């Protein structure tokens, strides 16, 4: 990636981030679009010697392109009739699913809780040639007023059980009556069935599976689609 080709605001963001971290771009091919996802090259630089498994709730999940995010990106690319439909990606991290949705023609808002993460996302959108993506700072505990969306999406966002009820409230606040929620997670995530058990009180839930072979390992990704229960 030739940084000189970035628009000036994103080039300045990149240089500011680069003054703190070693950087690289992940590439993800989705349809005819190649997404370029800015990320920290050496996660140890961010962890500063901390054990990433000592407190999973404090692990910086946003620094990695997770397999679930890749699968959700493909799901968004394949959805029909994107024009005029809005998407909100929650806890976006590197933002691959939201950027894939934007490349497919959806009106996309990418959200996260920390300005640094959103700066990475802004650079990635520009590097991917996606100039119409909106970015929103979104605290699940105190969500701002936003217009409702046709789709809410999230990959690997269920890592803190104390956030489950706030997240369900976010779903209810932002999802249009006839809208859909797509969630993608590794099948080994123990938090997923706990969350879905809470969600089934207000949402109908369907399940699809995608199996990925990677470096001799088999990874199963679960994609859940939620819609509001009919009264």
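Below are the figures for this structure:
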item: Efficiency of FRET between residue 42 and residue 230 - r from beta-carbon atoms, R0 45 angstrom, step 0.05; result: 0.35
item: Distance in nm between pseudo-label sites at residue 218 and residue 27 (7 Å out along the Cβ direction from Cα); result: 3.1
item: Identified option (computed mean projected area of the Cα convex hull in nm²; candidates [x] 17.2; [y] 13.1; [z] 16.2); result: [y]
item: Extension reserve of the residue 208-residue 173 stretch, reckoned as 0.36 nm per residue once the Cα distance is removed; result: 10.1 nm
item: Two-site label geometry, residue 131 and residue 114: point separation in nm, points 7 Å out along Cα→Cβ; result: 3.1
item: The chain, relative contact order [Cα under 8 Å, separation at least 6], %; result: 17
item: Value at 222 nm in deg cm²/dmol, rounded to 500, when DSSP H runs of n ≥ 4 in the chain each add -39,500 (n - 2.57); result: -9000 deg cm²/dmol
item: Rounded FRET efficiency, nearest 0.05, which uses the C-beta distance separating residue 12 from residue 165 and R0 of 35 Å; result: 0.35
item: Debye-sum result for region 97-145 in log10 I(q)/I(0), which assumes one identical scatterer on each alpha carbon, at q = 0.13, 0.16, 0.18, 0.22 Å⁻¹; result: -0.29, -0.43, -0.54, -0.76
item: Inter-label distance for residue 19 and residue 1, nm, one decimal - labels placed 7 Å from Cα along Cα-to-Cβ; result: 1.9
item: R0 of 30 Å, Cβ-Cβ distance residue 81-residue 147: FRET efficiency to nearest 0.05; result: 0.95
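Coordinate-derived values only; no laboratory data. Bear in mind the structure is a predicted one, so any value in this text is a computation, not a measurement. Cβ sites come from the backbone with ideal geometry, for glycine too, and all protein chains shown count toward neighbours.
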